[in-house]
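Below: the structure, in structure tokens.
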Amino acid sequence: MDVLKRNNVTISGKGKQPMLFAHGYGCDQNMWRLITPAFENDYQIILFDHVGFGKSDITAYNQTRYNSLKGYAEDVLEICQELDLTNVIFVGHSVSSMIGVLAAIKEPTLFDKLVLVGPSPRYINDGNYEGGFSSEDIDGLLESLDSNYLGWSSAMAPVIMGNPNRPELGEELTNSFCRTNPEIAKDFARVTFLSDNRADLSKLKTKSLILQCSEDVIAPMSVGEYMHQHLPDSEMMVLEATGHCPNLSAPEETIQAIKKFLQNQTLFMSKVEEVS
Amino acid sequence: MDYTEVIEESAEDLYEHAPCGYLSLLPNGTIVKINHTLLNWLGFERAEVLNVKKFQELLPIGGKIFYETHYAPLLKMQGFANEINFDLLSKERIPLPVLVSTTQLKDEAGKPILYRTTVFNITDRKKYEQELLHAKRKAEEATQIKAEFISTISHEIRTPLNAIIGISDLLLKTHPTSSQLEYLNILKQSSDNLLNLINDILDLSKIEANRVTLEEKEFNLRDLLSGILYSYNLKAEEKGLALQLQIDEGIPDFLLGDSVKIGQVITNLLGNAIKFTEKGSVTIAAQVKSTKQDAVAVLFKVTDTGIGIPEERQELIFEEFTQGTSDTHAKYGGTGLGLSISQKIVSLYGSKIKVKSESGKGSEFNFILKLKKATGNKTVSDEIVIQADESIAGVKLLLVEDNPINVFVVEQYFKDWGIEYEVAESGLKAIEKINQHDFDLVLMDLQMPGMDGYDTTHWIRNLPEIKYQQLPIIALSASAKYDLVEKMESSGLTDFVGKPFKPEELHSKIAFYTSKKRRALRDKEKLKLTIFDPATVINKQPAFSLNRLQEMKDLSNREARKLAEIIIDNLEEYKNKFAATLNDKRKADFIFLGHKMRVDIDLLDATNLLEYINIGKRILDEPEYSKADVNILIQAFNQEAKSIAAALREELAKLELK
């Protein structure tokens, strides 16, 4: 199994310390394109697509492996192993935040810091916990995925492309970013929105930053606060940006927040070294 | 006349009353302009929406998630998004299915300032779509049901057919008269044909129901092709045909692919070629078409000098139940399913069988398969070497089969082969018998009332003694193997023989799994792994002593008791850690555990525990260690810890009495 091909791993940047960016649900590594240039000079930038998204190897999809976020966390660890990465700064958006947390719990020595953009340990309300959704809401999303044209056309694309009598149908489809395999997207939606990783939070030993948007339906403020309370060594920063993708809607603010977090740490580290 | 005003007014009118909805949104989704058409569809007053509502607030919650996770990122990345399907909620919360297209307007600095959105009402289209989807699902379901029906029926047909073929094979061995021999041969041939037909129909229905998947296993293409050729040697000789095999030297020895299905295609093409060729030659060729670092495209060709296929029928022969000419069937027999199945198998590889042929001059069938290269680390169990000539007399075998006719047929062969066998008519009886006698092999019918073959196998595998985990259990079933692989693995079946079985196949599998050679091989493997021989730890006598503990006279009763209790607790912890660290291959933790146990081991003189720790260390140095053996070691460790704890408890009880 070629891990780098499976996850369409791309590497750039002039620095030494690796920054591993993991895209969230519904998109692919393209969603980092406004963020990564700001880190190119000082870090090694590693991007990848989860299996079933972007240009990953869809044939590597396996329902058993990917029926929990742990399978995706394994992929992250395998990428680290394949590239021999250590001291990794993991930047995860949305569900990939939790994937990063799970990976760092399993192999704490590989990771330096985690940046969690719009994280949520559980999306569905449970007793006093307000995740923001009910389980019926998630059925609504699955329906939406089912009926959606973006998904529909990717589902039909192989049929259409494979029809030699109608070559005019084989042209590139217009919505060319964030291509997802509709069946896998549905599985991933289930895995994502039905996951409950609240019990894992206290196990994280790596330092983390929670980037919380001001108005985020997917990960509301209460969830960000819950994360902050339960992640042992975490900082939280509330962004002015609204929505669920500050990396796209407010890249500058997002970059500044990440830089501040990383620099503070570096300053602190060098002080410690001086003392010793 | 000045039309400017009229035009301007009518532009406004066009905007407001266009047959589609128009929206202008701020980057955060706030609606700053909306046309009358859309307001009308949704039942809102302009004031209720303008600068008040955001676009995403018009969406039901599932749509909101989709908006945030798919639509918004897409729009921000490419500056537009086309034909995204949403349901918009009207004032009465009634969903309106729409297609939404949006473009981004940017200021001079390239910052998005406004989104312009067009909304198409697709209520009707949605209804059609749902009907289509519904029809598609229903059709798929029907195909599924059909496939299941065919599978059940063919199973029902195969069971009596099993008896017919089996008995006619047996009759052939009873020195029949020449006319009886003739009848028997016809009986045999007809039943064989019937079986082939049923197999073909089953294959076809499976492929149609999308229930066939390609396996990716290592195989040797040279061996596969020469094996197929060899099996047709006799037939070709009878007809006086030259059989040739040409394999490119550039073809790697080991490839990854579904050798069973590739073999099925080649067998079919070769069988046809021989069938339709009266003189001349038949050739199988495999050539490298192109090669990459990790894969190779192989061109397979089966060429003959036979009757050929008229051009107008060359496309048709791949369809079900059609043959080269309308009188082909009368002359040559066959069903016309083979090519259709072969074509479908090849299409699973994303390729196609092509035909070049001229009437009376011969035919060439070719196809290209892209196959990954393999390393050649084949495991022993994958390789069933034909061992038909090896004697299996004296093998102790348990036959688990509920159908008396099948029992009768199989029995005749067992007697012939000198097998010492027992019969169990049900799963429960099988377990009973297995507990009473030691068998070399179990032949297990899968479909039995009550406890079926899978359950029974599962049961046997879970018996506490290790030998039951190594006992070969071969499934005997009328279902095709395609269906079974997964279930076979999970229940612990070793291998599979189809029903009706070919006597040679059954013989060679029994020989393979019970052969002395294989046992010797296994022993050799064991010797190679000097690290640890599982046999040495199974049922080992406990080795420890409480003398030192008892001798500690300076300890008061209470302290001795406390010490014993601590050791009991420790043992419990060691048990867990021993298993966990070994299973997770955490070597450092395992070694640490060894240190930690040192005191207890010394105190108890627990030599077995010490040995197990040392074996564990060696195992962790060996990257590829068998999981089954690790489990044996863990079991042995647990057993020993249990014995020690029990002895300590007994000691505690004695102390209590004092």
Residues within segment A:5-32 that are loosely packed, with under 15 Cβ neighbours inside 10 Å and either within 11 Å of chain B (Cβ to nearest Cβ) or closer than 16 Å to A:I58 by Cβ (or both), tallied: 1
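Against the definition (modelled with pLDDT under 95, within 14 Å of chain B (Cβ to nearest Cβ) and open to solvent by 60 Å² or more (accessible area, probe 1.4 Å)), how does A:L248 come out, yes or no? Full working, then the answer.
Working: modelled with pLDDT under 95: yes; within 14 Å of chain B (Cβ to nearest Cβ): yes; open to solvent by 60 Å² or more (accessible area, probe 1.4 Å): no.
Here the answer is no, as A:L248 does not meet what is asked.
Given the structure, is B:A588 out of contact with any Cys (no Cβ under 7 Å at 6 or more places or on another chain), modelled with pLDDT under 80, more than 30 Å from B:Q470 (Cβ to Cβ) and buried (at least 16 other Cβ atoms within 10 Å of the Cβ)? Spell out how you get there, then give the answer.
Numbers: out of contact with any Cys (no Cβ under 7 Å at 6 or more places or on another chain): yes; modelled with pLDDT under 80: yes; more than 30 Å from B:Q470 (Cβ to Cβ): yes; buried (at least 16 other Cβ atoms within 10 Å of the Cβ): no.
Judged against the criteria, B:A588 is not a match.
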For B:E156, which of the numbered conditions (1) part of a helix (DSSP H, G or I); (2) surrounded by 12 or more Cβ atoms within 10 Å (Cβ to Cβ) fails to hold? (2)
Exactly one condition in (1) surrounded by fewer than 16 Cβ atoms within 10 Å (Cβ to Cβ); (2) touching a Ser or Thr at 6+ places or on another chain (Cβ under 9 Å); (3) more than 14 Å from chain B (Cβ to nearest Cβ) is false for A:P108; which is it? (3)
Taking only segment B:77-91 into account, find how many residues are under 22 Å from A:D216 (Cβ atoms), at pLDDT below 85 and either open to solvent by 10 Å² or more (accessible area, probe 1.4 Å) or part of a loop (DSSP other than H, G, I, E, B) (or both). 1
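For B:D107, are the conditions met, namely being of a type in the set (D, E), in contact with a strand residue (DSSP E or B) (Cβ under 9 Å, 6 or more places away or on another chain) and within 26 Å of A:A219 (Cβ to Cβ)? Write out each step before concluding.
Details: of a type in the set (D, E): yes; in contact with a strand residue (DSSP E or B) (Cβ under 9 Å, 6 or more places away or on another chain): yes; within 26 Å of A:A219 (Cβ to Cβ): no.
Against the criterion (of a type in the set (D, E), in contact with a strand residue (DSSP E or B) (Cβ under 9 Å, 6 or more places away or on another chain) and within 26 Å of A:A219 (Cβ to Cβ)), B:D107 does not qualify.
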Mind listing just one residue for me: the one in segment A:192-219 that is assigned to a helix (DSSP H, G or I) and open to solvent by 20 Å² or more (accessible area, probe 1.4 Å) and, of those, nearest to the other protein chains (Cβ to nearest Cβ)? A:K203
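Test A:N30 against the stated conditions and say whether it is part of a helix (DSSP H, G or I) and either polar (S, T, N, Q) or over 16 Å from the mean Cα position of the chain (by Cα) (or both). Before the answer, list the steps.
Working: part of a helix (DSSP H, G or I): yes; either polar (S, T, N, Q) or over 16 Å from the mean Cα position of the chain (by Cα) (or both): yes.
Judged against the criteria, A:N30 is a match.
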Residues being surrounded by fewer than 16 Cβ atoms within 10 Å (Cβ to Cβ) and within 14 Å of chain B (Cβ to nearest Cβ): count how many of those fall in segment A:220-229. 0
Residues that are open to solvent by 10 Å² or more (accessible area, probe 1.4 Å), closer than 24 Å to A:L141 by Cβ and within 14 Å of another protein chain (Cβ to nearest Cβ): does segment A:67-88 have at least one? no
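crowded, with 18+ Cβ neighbours inside 10 Å, closer than 21 Å to B:K499 by Cβ and not charged (D, E, K, R), is that true of B:S205?
Against the criterion (crowded, with 18+ Cβ neighbours inside 10 Å, closer than 21 Å to B:K499 by Cβ and not charged (D, E, K, R)), B:S205 qualifies.
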Residue by residue through segment B:41-67, note down the ones that are open to solvent by less than 10 Å² (accessible area, probe 1.4 Å) and within 12 Å of chain A (Cβ to nearest Cβ). B:F55, B:L59, B:G62, B:G63, B:I65, B:F66
Out of segment A:47-62, which residues are buried (at least 24 other Cβ atoms within 10 Å of the Cβ) and of a type in the set (V, I, T)? A:V51
Can you go through B:L202, B:L197, B:L214, B:L229 and tell me which one is part of a helix (DSSP H, G or I), within 23 Å of the chain's Cα centre (by Cα) and modelled with pLDDT under 85? B:L202
Show the residue pairs meeting these rules: Cβ distance below 7 Å; 6+ apart or different chains; first residue within segment B:87-107 and away from chain A (no Cβ under 14 Å); second residue assigned to a loop (DSSP other than H, G, I, E, B). B:S90/B:G43; B:K91/B:G43; B:K91/B:F44; B:E92/B:G43
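Open to solvent by less than 20 Å² (accessible area, probe 1.4 Å) and among the polar types (S, T, N, Q) - does that describe any residue in segment B:607-627? Give the steps one after another, and end with the answer.
Taking segment B:607-627 first, the residues open to solvent by less than 20 Å² (accessible area, probe 1.4 Å) are B:608-609, B:612-613, B:615-616, B:619.
With the extra rule that they be among the polar types (S, T, N, Q), the set shrinks to B:608.
Scanning segment B:607-627 turns up at least one residue that is open to solvent by less than 20 Å² (accessible area, probe 1.4 Å) and among the polar types (S, T, N, Q).
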Are there any helices (runs of 4 or more DSSP H) wholly within segment B:402-512 with 3 or more residues that are within 26 Å of B:L197 (Cβ to Cβ) and modelled with pLDDT under 85, and if so which? B:404-417, B:481-491
Within segment A:37-46, residues being out of contact with any Gly (no Cβ under 7 Å at 6 or more places or on another chain) and either open to solvent by 10 Å² or more (accessible area, probe 1.4 Å) or assigned to a loop (DSSP other than H, G, I, E, B) (or both) number 2
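The values are calculated or read from the model by the stated rules, or taken from the named source; none is laboratory data. The structure presented is a predicted model; accordingly, all values stated were derived computationally and were not measured. Neighbour counts are summed over all protein chains in view; Cβ atoms, including those assigned to glycine, are modelled from backbone coordinates with ideal geometry. Accessible surface is based on the protein model in full, side chains and every heavy atom, while ligands, DNA and RNA are left aside. Shrake-Rupley method; radii C 1.70, N 1.55, O 1.52, S 1.80 Å.
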